[in-house]
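Student: To start, I am sharing the structure in question, which I have written as structure tokens.
Since every read-out is calculated from the coordinates, none of them should be taken as a lab result. Predicted, not measured: the structure shown is a model, and the values here were computed from it. Glycine also receives a Cβ, built like all others from the backbone with ideal geometry; neighbour counts cover every protein chain displayed.
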Amino acid sequence: MEEHALKRGGFSRWVLDASDFVLGFERRLLSGLMGLLIVLVLLNVVTRYGGFPLYWVDEASVYCVVWLTFIGASAMTRLRLDFAVTLLTDKMGAKAVRVAKASASGGVLLLGLALLAMCWLYMDPVGIVRWGFDAKEYAAESFNFLYTERTQTLNWPVWAIQLILPIFSATLSLHALSNLIEDLGLQPRRTHTEFHVTNADAVN
């Protein structure tokens, strides 16, 4: 019985460690993307003012914001900075609040897993591998044109841009599982001092 408890504790600790590692990487990635976005916006202003606009900058800025949004949403989930309606839980007892929080974390976990499953069906990695990475043959057979489409000005493959969807689904699931483990009391709740924002009010 004790050995089983140790194994369970080891697994839950491993999940939290993995979540913290991903969160640290997300923090660095967010900083890099924010810096890149600032550079792109300034470049857009300078080139337009100079009379030689670079049209690909607009598209690059949009994709940068998209990646920032998904990565930021994943990090905010682990930091528990996502939106919550506390009108009901404010009137509950401590035990009921713990149950409500665990239920909410479980719901987010189910959402992340569902998104991951939909990304698997949409991107169909097994299908494209089966056709030897021949995007045209795969599209003709499956009517899935994801791997043949390219962006308008940057001419990047669309599938590379949309990789953020399965990445977000996986990290969201991991962070939600970590929150659920803490809510169930399997591991003590961790703090992340490297993030200066510690509550939802500070975000606003």
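Student: How charged is the neighbourhood of L88? Take every other residue with its Cβ under 15 Å from the Cβ of L88, and add Lys/Arg as +1 and Asp/Glu as -1. The partial results should precede the final answer.
Tutor: Values: positive: K91, K95, R98, K101; negative: D90.
Local net charge: +3.
Student: Near I128, within a Cβ-to-Cβ distance under 13 Å, what is the net charge of the other residues, with Lys and Arg +1 and Asp and Glu -1?
Tutor: -2
Student: Using Cα-Cα distances under 8 Å and only pairs 6 or more residues apart, what relative contact order does region 1-135 have, in percent?
Tutor: Details: 37 pairs, mean separation 24.6, N = 135.
Computed over region 1-135, the figure is 18 percent.
Student: Here's another thing I want to ask about it. Using the 10 angstrom Cβ neighbour count as an exposure proxy, how do D90, D134, D82 rank, fewest first?
Tutor: D90, D134, D82
Student: Mind sorting R13, R28 by how few other Cβ atoms lie within 10 Å of their own Cβ, fewest first?
Tutor: Sorted ascending by nearby Cβ count, the order is R28, R13.
Student: Quick one: helix 94-123 against the long Cα principal axis of the chain, what's the angle to the nearest 10°, folded into 0 to 90?
Tutor: Relative to the chain, helix 94-123 is tipped by roughly 30 degrees.
Student: Taking the beta-carbon count within 10 Å as an exposure proxy, list F52, F145 from fewest neighbours to most.
Tutor: Final ranking by Cβ density, sparse to dense: F52, F145.
Student: Sum up the charges of everything whose Cβ sits under 14 Å from the Cβ of R28, counting Lys and Arg as +1 and Asp and Glu as -1, but leave R28 out.
Tutor: Result for the local shell: -2.
Student: Viscosity 1.002 mPa s, temperature 20 °C: give me the Stokes-Einstein translational D for the chain in µm²/s, with Rh taken as the Kirkwood radius over C-alpha pairs.
Tutor: Here the translational diffusion coefficient equals 108 µm²/s.
Student: Peptides 73-79, 154-160: what's the order by average Cβ count within 10 Å, highest mean first?
Tutor: For the peptides 73-79, 154-160, the packing ranking is 73-79, 154-160.
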